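Step one of this worksheet: look at the structure below.
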Amino acid sequence: MWTKEHWARQAAFERRRRYPTDLTDEEWAMVQPLLPPPAGRGRPPGADMREMLNAIRYLARAGCGW
């Protein structure tokens, strides 16, 4: 069962940068205004745009070794 301590530990983990290619808060502040806003119709976006950019940057840097 998830307690308040578990949630706090998970939140701290998610705030931490995991890869060197992850966007810093300063970089995200510069990039975010350049992204298009979500569409007014249809399903709301389910993915975090910052995490999407982190994944793209990781693949661009590391490539797909397989």
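Computed from the coordinates by the stated procedures, all read-outs in this text should not be read as laboratory data. Here the structure is a predicted model, which means the values were calculated and not measured. Here Cβ is always computed from backbone atoms with ideal geometry, including for glycine, and neighbour counts include all displayed protein chains.
In summary, the convex hull built on the alpha carbon positions of the chain has an orientation-averaged projected area of 7.5 nm².
How large is the dipole of the chain about the Cα centre if only Lys and Arg carry +1 and Asp and Glu carry -1, each at its Cβ, rounded to the nearest 20 debye? Mind dumping the intermediate values first?
On the way: 11 positive and 8 negative charges, 36 e Å.
Rounded to the nearest 20 debye, it is 180 debye.
Between VAL31 and ARG9, full extension at 0.36 nm per residue minus the direct alpha carbon distance yields a gain of 5.1 nm. When the charge dipole of the chain is built from unit charges on Cβ atoms (+1 for Lys and Arg, -1 for Asp and Glu) and taken about the Cα centre, the candidate among ALA8, LEU59, GLY42 whose Cα reaches farthest toward its positive end is GLY42. Using the Cβ of TRP28 as centre and a radius below 10 Å, the other residues enclosed give a net charge of -3, where K and R count +1 and D and E count -1.
Among the trypsin sites (Lys or Arg not before Pro) in the chain, which ones are in a DSSP loop with at most 15 other Cβ atoms within 10 Å of the Cβ? Mind listing them? Before the final figure, lay out each step's value.
Numbers: sites: LYS4, ARG9, ARG15, ARG16, ARG17, ARG18, ARG41, ARG50, ARG57, ARG61; in loops: ARG16, ARG17, ARG18, ARG41.
Sites meeting the loop and neighbour criteria: ARG16, ARG17, ARG18, ARG41.
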